[in-house]
Amino acid sequence: MINSSVVGLGILLAAVSGLMNGTFTLPMRYLGRWSWENVWALFIVTSCLFMPLIMVLATVTNPLQLLSAASPHQEAIAVATGLAWGFGAIMFGQGVSAVGISMANTLVLAISASLGSFLPILILAPERLAQPQGRFIMLGTFVALVGMACCGYAGALRERHEKASPGAKREMVGVARPYGVGLLLCTGAGLLSALFNVGYSLSQGIIATAVAAGRSAFAGSNLIWWLVLAGGAVTNLCFCAYLFRKNSTWPKFRQAGALPLYGLAVLMGVLWGGSIFIYGSAAPKLGKLGPAIGWPLSLSVGLLTANFAGMVAGEWKFAPPTARRWMMIGLGVLWGAIGILGWSGTRG
C-alpha cells in the first residue's frame with residue numbers, strides 16, 4: 001500500500017535536490033581571479049569530505065560498526081563507482097568552464113538522467129519494465145530527453161550566433177576551450193555521472209543493514225554517500241594536486257581579498273553536497289524504484305534551474321530569438337517530464 005503523503009514528500013525533496021544541483025555552478029562565473037583547480041579543490045573538500053562526514057556523524061550512531069555489518073561487496077561497489085564518478089566530476093567542472101552553465105548541465109544531465117534511471121530499474125526490479133509504473137518511468141525519462149535535446153539545440157544556436165557577435169568579458173573560472181572540446185568533456189561527464197546513481201542503487205543493502213539495526217533509511221543513505229563521495233574525492237583531489245604542481249597556482253589561495261572567493265567556492269560545495277543528501281532522503285520515500293524515479297526527476301528540475309541561472313547570469317544575452325524559443329520549448333517539455341515522473345511514483 002502506497003502512502004501518498006510519503007511519496008509526495010519524496011517528490012518534493014527530489015525537486016529541492018534538483019534546485020540546489022542546478023544552481024551550484026553559478027558561483028563559478030564570479031571566481032575568475034582563481035584558477036580552476038583552486039575553485040574545484042575547495043568545492044570537493046567541502047562537498048565530498050566535510051559534508052558527508054558531518055551528515056554521518058549527525059545521523060548515524062556507531063557508523064563504523066554498521067559498515068562492518070554491511071556487505072563488503074556493496075561497500076566496494078560504492079567506493080569503486082565513486083572513483084569512476086570522480087573522473088566525470090572533473091570533466092563536468094572543465095565542461096562548465098568551456099561551454100557555460102546552461103549547455104554543460106543540458107548535455108550532462110541528459111545522458112545521466114537516461115542511464116541513471118534505466119539502469120537502476122534493471123538492477124532493482126527488471127520485471128517492472130513491463131508494468132505500468134516501469135512504462136511511465138521510461139516515458140518520463142524519454143520525454144525529459146526530448147526536452148533536454150531542445151535545450152541543447154538552443155545552446156548550439158546560441159553558440160553559432162555568438163561566434164559572429166562581440167561577447168562580454170569572460171568571467172567564468174578556467175581557460176577557454178573550443179566548443180567541440182567542451183561538448184566531448186560534457187559527454188564523458190554524463191556517461192560517468194550515471195555511475196553515481198548506479199552505485200547508490202547497487203549499495204541499497206547498506207540501507208537495509210542500517211534499518212535492521214534500528215537506524216533510519218536516511219542514515220543508511222548517508223553511509224552510502226560517505227563511501228561514494230570519498231572515492232570521488234580521491235580522484236578529484238589527485239587531479240587538482242597535479243594542476244597545482246603544473247600551473248604553480250597554490251599561492252593563489254593567499255591572494256589579497258580572497259575571502260569572498262573562499263565563500264563562493266564553499267557555497268558551491270554546500271549546494272551540491274546538500275542536493276545529494278536531500279536526494280538520498282527522497283529516494284527511499286519513492287518506493288522500491290526510488291532511485292529510478294527520483295534521479296531523472298531531480299535532474300530535470302536541476303536542468304530547469306541551471307538554464308534559468310544561466311539566463312540570469314547573462315549567458316543568453318546575445319542569443320537570437322530562435323534559440324530563445326527552442327529553450328522555452330525545451331523547458332516546457334521538461335515540466336511535462338517532471339509531471340510524468342512524479343505521477344509514476346504513485347503507481348508502484
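The values are calculated or read from the model by the stated rules, or taken from the named source; none is laboratory data. Note that the coordinates shown come from a computational prediction; the quantities given were computed from them, not determined experimentally. As a convention, Cβ positions derive from the backbone with ideal geometry for all residues, glycine included, and neighbour counts pool all protein chains shown.
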### Message
Against the condition part of a helix (DSSP H, G or I) and within 30 Å of TYR153 (Cβ to Cβ), how does SER112 come out, does it pass?
### Response
yes
### Query
Do we have LEU19 as part of a helix (DSSP H, G or I) and closer than 18 Å to VAL96 by Cβ here?
yes
### Summary
All conditions in (1) modelled with pLDDT under 90; (2) assigned to a helix (DSSP H, G or I) are true of THR61 except (2)
### Task
Quick one: TRP226 ticks every box in (1) closer than 24 Å to VAL270 by Cα; (2) modelled with pLDDT of 90 or more; (3) out of contact with any Pro (no Cβ under 7 Å at 6 or more places or on another chain) except a single one, so which number is it?
(3)
### Message
Quick check on segment 173-186. Is at least one of its residues closer than 24 Å to VAL16 by Cα, touching a residue at least 60 places away in the same chain (Cβ under 8 Å) and buried (at least 18 other Cβ atoms within 10 Å of the Cβ)?
### Response
yes
### Message
I'd like the full set of residues that are under 30 Å from LEU185 (Cβ atoms) and crowded, with 19+ Cβ neighbours inside 10 Å, limited to segment 50-78.
### Response
MET51, PRO52, MET55, ILE77, ALA78
### Task
Quickly run through segment 235-261 and pick out the residues that are crowded, with 16+ Cβ neighbours inside 10 Å and either closer than 30 Å to LEU13 by Cβ or aliphatic (A, V, I, L, M) (or both).
THR235, ASN236, LEU237, LEU243, LEU261
### Query
Looking only at segment 186-220, which residues are among the aliphatic types (A, V, I, L, M), more than 15 Å from the chain's Cα centre (by Cα) and assigned to a helix (DSSP H, G or I)?
LEU202, ILE206, ILE207, ALA208, ALA210, VAL211, ALA212, ALA217, ALA219
### Filter result for GLY314 (small (Gly, Ala, Ser) and either without any contact (Cβ under 8 Å) to a residue 60 or more places away in the chain or closer than 30 Å to THR59 by Cβ (or both))
no
### Task
State whether the residues of segment 47-65 include one that is of a type outside the set (Lys, Arg), in contact (Cβ under 8 Å) with a residue 60 or more places away in the chain and in contact with a Ser or Thr (Cβ under 8 Å, 6 or more places away or on another chain).
yes
### Query
Which of the residues spanning segment 1-19 are under 21 Å from GLY95 (Cα atoms) and surrounded by fewer than 23 Cβ atoms within 10 Å (Cβ to Cβ)?
LEU19
